[in-house]
Amino acid sequence: MEADLFDQRRLLELQAVDTTLTQLDQRRRRLDDDQAIPTARRDLQVLRDRAASLKADIADADRDIKRIEQEVELVTKRAEADRRRMASGSAPPKELEGLQSELESLARRQSSLEDDELEFMERREGLETELNESERRTEESEAALADAEADRDRRLGELHSETESAASERNRLTGSIPPRLVELYESIHARQPIAAAELVGRRCGSCRIEKSPADMAPIRAAAINEVLRCEECGAILIRTDVGPGADTEVVSDEELDKYTR
Ligand SMILES: [Zn+2]
């Protein structure tokens, strides 16, 4: 195949855009695969569940405390009534004995209830402290997660706009390079990431294999508009620093003029 060397060299620009697109795609995949945000979401759910369970425990403790307080009130009222009956002077001695014994039992009951209440209040206090700590950590985790999500969205946004501009650059290039050359490039690009590579010295820029002097002979002898392929990897080899058939000769001013105009 023959093609203007200037057009051949534009394949390097197309290749550079494709390499950029591949890198952008890899960056997007890495972002998609990043487990930091899903892990943070799961950790946050654990914290929220813990806070909810602590709140339920506190509500239980409150119910227990209320129940004890109501019972204390009943005991107190009963004791007051007993004392009034005793003070009235109208109770027979037998009844007084009974009232006295009941008052002692009520006092023991009250003391035991107050011990229970204290225990529940201490337990409630411990739960409250744990809940405060849990809520503080939940807030921290929510803020960290929001930051991480905003950061990821910003990076996805950047990737999206970089991809769009690279894709439009690709369209511009494929529209301005001769179709036959683009077709050849695309067929190679479907097989390998580097479809067009610069020939640097004797080395192919795609497979990096250095050519023997014997392999170089036909390359050096080739006409400047002949489209060369690497025999090792099939990439289109683009000469950027050689003139036709010369080893050290650079492109003449006249040719340079022709290909850079
Ligand atoms: Zn190669």
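How far apart, in nm, are two points set 7 Å out from the Cα along the Cα-to-Cβ line at K55 and at M86?
4.8
Taking H placed 1.01 Å from N in the peptide plane, check which residues at least 5 places from A222 or on another chain put their amide H under 5 Å from its amide H.
It is G245, by chain and number.
Could you tell me which Cys residues in the chain have no other cysteine's Cβ under 4.7 Å from their own Cβ, answering none if every one has a partner?
Among the cysteines of the chain, none has its Cβ 4.7 Å or more from every other.
Please give the Cα centre distance for segment 1-69 versus segment 141-218, rounded to the nearest Å.
What the calculation gives is 26 Å, centre to centre.
For L228, which sequence-distant residues (separation of 5 or more, or a different chain) have an amide H within less than 5 Å of its own amide H, given hydrogens modelled in the peptide plane?
Residues meeting the criterion, in which the H sits 1.01 Å from N, are L237.
When a/c is below 1.5 the answer is rounded, else prolate if a/b is larger than b/c, else oblate, so apply that to segment 108-152 with a ≥ b ≥ c taken from the square roots of the Cα gyration tensor eigenvalues.
prolate
Excluding same-chain pairs closer than 8 in sequence, count the lysine pairs in the chain whose Cα atoms lie under 30 Å apart.
4
Rg (Å, one decimal) plus Dmax (Å, integer) for the alpha carbons of segment 29-174?
For segment 29-174, the Cα-based Rg and Dmax read 32.8, 117 Å.
Using only Cα atoms, what is the ratio of the radius of gyration of the chain to 2.2 N^0.38 Å? Let's see the in-between values first.
On the way: Rg = 43.6 Å, N = 261, 2.2 N^0.38 = 18.2 Å.
Ratio of Cα Rg to 2.2 N^0.38 Å: 2.39.
Tell me, what is the percent relative contact order of segment 29-174, built from C-alpha pairs under 8 Å that lie six or more residues apart?
Relative contact order for segment 29-174 comes out at 44 percent.
Counting only residues 5 or more places away or on other chains, whose amide H sits under 5 Å from the amide H of A196 once H atoms are built in the peptide plane?
Under 5 Å from the amide H of A196 lie the amide H atoms of I236, each far enough along the sequence or on another chain.
Using the Cα centre of the chain as the reference point, and only Cβ charges (+1 on K/R, -1 on D/E), how large is the resulting charge dipole? Debye, rounded to the nearest 20.
With Lys and Arg at +1 and Asp and Glu at -1, about 520 debye.
Just need the relative contact order of the chain here, percent rounded to a whole number, with Cα pairs under 8 Å and 6+ apart.
RCO, the chain: 30 percent.
Pulled fully out, how much extra length does the chain show between E130 and L96, if you take 0.36 nm times their separation in residues and subtract their Cα-Cα distance?
7.2 nm
Dipole magnitude of segment 29-174 about its Cα centre, charges +1 at Lys/Arg Cβ and -1 at Asp/Glu Cβ only, in debye to the nearest 20?
Rounded to the nearest 20 debye, it is 380 debye.
Once you place label points 7 Å from the Cα toward the Cβ at A214 and S187, how far apart are they in nm?
2.8
Got a sec to turn the phi values of segment 30-46 into Karplus ³J(HN,Hα) couplings, 6.51 cos²θ - 1.76 cosθ + 1.60 with θ = phi - 60°, whole Hz, x for Gly and Pro?
Karplus values, whole Hz, x for Gly and Pro: 4, 4, 5, 7, 4, 8, 4, 6, x, 5, 4, 5, 5, 4, 5, 4, 4.
None of the figures in this text is laboratory data; all of them are computed from the coordinates on show. Every value quoted in this text rests on a predicted model; they were computed, and no experiment measured them. Positions of Cβ are generated from backbone atoms using ideal geometry, with glycine treated the same way; all protein chains shown enter the neighbour counts.
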